[in-house]
1. What does the highest-first list of A:212-223, A:118-129 look like by mean Cβ count within 10 Å?
2. May I ask you to derive the FRET efficiency for A:Lys226 and A:Ala344 from their Cβ-Cβ distance with R0 = 51 Å, giving the value to the nearest 0.05?
3. How many angstrom lie between the C-alpha centres of segment B:45-71 and segment A:253-331?
4. Evaluate the relative contact order of chain A (contact order divided by residue number), counting alpha-carbon pairs under 8 angstrom at least 6 apart; express in whole percent.
5. Between A:Ser87 and B:Val154, what is the label-to-label distance in nm when each label sits 7 Å out along the Cα-to-Cβ direction?
6. Which net charge results for the neighbourhood of A:Tyr356, defined as the other residues with beta-carbon distances under 11 angstrom from its beta-carbon, given Lys and Arg at +1 and Asp and Glu at -1?
7. Which lysines have a Cα lying under 24 Å from the Cα of B:Lys188, excluding residues fewer than 8 positions away in the same chain?
8. How high is the relative contact order of segment B:130-286? Use alpha-carbon pairs under 8 Å, at least six apart in sequence, and give a whole percent.
Amino acid sequence: MDVLKPALVLPRRKLLLGATGLAAAPLAMPHIARAADPIRIGVLLAKTGSIAAQTEYLANGTFLALEERGNTLMGQPAELVWLDEPSPQAATQNMQKLVEENKVCAILGGSLSSNALAEEAKAAELKIPFVCDNAAATDITGKNCNRYTFRLNTPVVVQSRMLAPYALSYGKRWYHITASFAFGQDILKSSRELLKAAGGTEVGADEVPLNTADFSSFILKIRAAKPDVVVGGLAAGDLSTFLKQWNELGMKGKIPFVEIAIGDTDIWSVGAEAANGTFTKMWYYNNPANPPEEKAFAADYLKKHGKPAADKAWMGWITAKSLFDSIDAVKSTDAMKIVEGLEAWKFQAGSTAYSYRRFDHQMLVRNLAVSVKDKITDKWDFFDVKATLPENPADLQKVFGSEEEIGCKMG
Amino acid sequence: MLDPEVLLSQLASGLVLGGLYVLIAIGLSIIFGLLGIVNFAHGVFFTLGAYFALTLYQYFGWPAVILAPIGVGAIGMIAERLLIQRLYDKEPLVSLIVTFALALLIEASVRLIWGGIGQPFSPPPFLSGIFIWGPVLITKYRAAVFGTTVVVLVALWLFLEHTPFGRILRAGSRDPEMVGLLGINLPKVLTWVFGLGCAISGIAGVLAAPLWTITPAMATNAIMPAFVVVAIGGLGSFAGAVIAGLLVGVVIAMTIQFWPEASGAMMYLFMALMLLLRPRGLLGERWERFE
């Protein structure tokens, strides 16, 4: 027979009261619960694959932007929740998870154009602010734009316009080698239009599958076609592999190579011996013209990570800063209020004024034209900055295209 | 009008690429043949070969690079003792999942040790430059890669066909129980076989390092072609893997010449076609223990 010890016997009424009291405790002290819950921001960046070299820096810049504010937003603790984006479908599933399970109030990310195009549609469906930091496909802030999506990277078509004079300076017989996904297809389309307008000839064009390991057969075709210049549209690791093999097959210095949107990590992977070409990029850590705020960021990054900030680190930082500034400004985590905050956000760094354009949510940023140095003596410092484009800041609106040209209808 | 010089150069380029695929696939094929394990982690041993070569070169110069495959083989043997040997009597699905997890673990470790960004690495100076042999253009380094591949394959064939250990391997792949009953310590043999398969994959990684971008994810570009080569050649078939690897390389090179957009998909189409015509692969045979 079981005998209960007297010390363990509780009157039923007391037990009920105790249980009810425990259950009701969170209701009695909601301020405590709220104070313990940090404000969560989602980060949606690839953790594996050929783009992971870039996303590591994007994430570093994003995390640094929050650390600079003492990991707080609106005076409350804030944290970043980073999920992977292995494919467009998995990325949108993770986006949903961030919103529904992690309760984030906004999302930063979009490392590849193919992912970002799917993510921005999902952001509109979930009604969550999405600030895209890396993808460059024109349609993101073009015909696919929506009220919840903001984008930093300069659209492909704009960067192509900036690069075209450099390509044309080598001649009018172009060979295109571009990735066979959204980013590369966008470059091919834009570049062909610019070449046609300049009265040039396309002597060859190859669309290359993502993650191609051997470019020798493509390079043999280019060699046989004898173009004046090769216009590239390869992404991340594929660009590095191409440049490495371009040098290995003895083509470096024989036919000029140009491409938009190179990342520092892409050229660091190539190495000093094989690196070559002329490119556009958004930012360079060793650009003497960087404003003091960005020099301070570069110094903070170097101190924390022991190596220079790649352009992608700056891209992660400025995008996150725009979002964090906006949340602090509107003092709310309500989605529409954050959207309004981002629309009104302005950041003056030296003579550079950053903001998102109201009608398409595209950040207007002057790009750099850079060429690989003739002699590389520092394993991080590969580029000479040739120009800041457009040369007159007043031309920014014009270069990025008018509302009619962009075709963004937010509704 | 298509230039025959370009076609012949494309053929040479395809053979070099195919040679690398053969090296990756042959280890996979040997491991499957004897251990019955479909090793999803095989590609990361290719990655380790590339990273070991890079590190050995940085600290000790080019001659030390030759040690990289030995290091990879040793890691393979440790993995076999700690993990793989527990899978021999399990369902094939279990070994797929466990070796996939092992691949993720090794990739993450590589990322942790060497960092996520690509590492620069170029061919040795004495192999830089190009050869032009009549109509064929090939770089000195690629010619050396092809030559090394041939030497490794011949050495491996001699080892398997003409040494007592090779005879045990071939017998063990057909009837492991009988080999055990003859008093041969089969578990020890299996450990060596797994190490050998990984070391060969490591050789491919060393050879590819100056050509490909060295990143933690570079196995992605190696493992799928390896599976395709093994499937086309016939599971466990040495000669089948050699023929299939070279064919896949040439098919990819020719597709790039005539239909570049399809170059990534063509090897899968080729595999589907081959398997329709010969379901066991080119030189695949009926293996009682896998039926």
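1. A:212-223, A:118-129
2. Here the calculated transfer efficiency is 0.45.
3. If we compute the Cα centre of each part, the gap is 31 Å.
4. 17
5. Placing both labels 7 Å beyond Cα along the Cβ direction yields 4.4 nm.
6. +2
7. Straight-distance partners of B:Lys188: B:Lys90.
8. Reported as a whole number, the value is 15 percent.
A short reminder: the numbers here are calculations on the coordinates, not readings from a lab. Note that the coordinates shown come from a computational prediction; the quantities given were computed from them, not determined experimentally. Neighbour counts run over all protein chains shown; Cβ positions are idealised from the backbone, glycine included.
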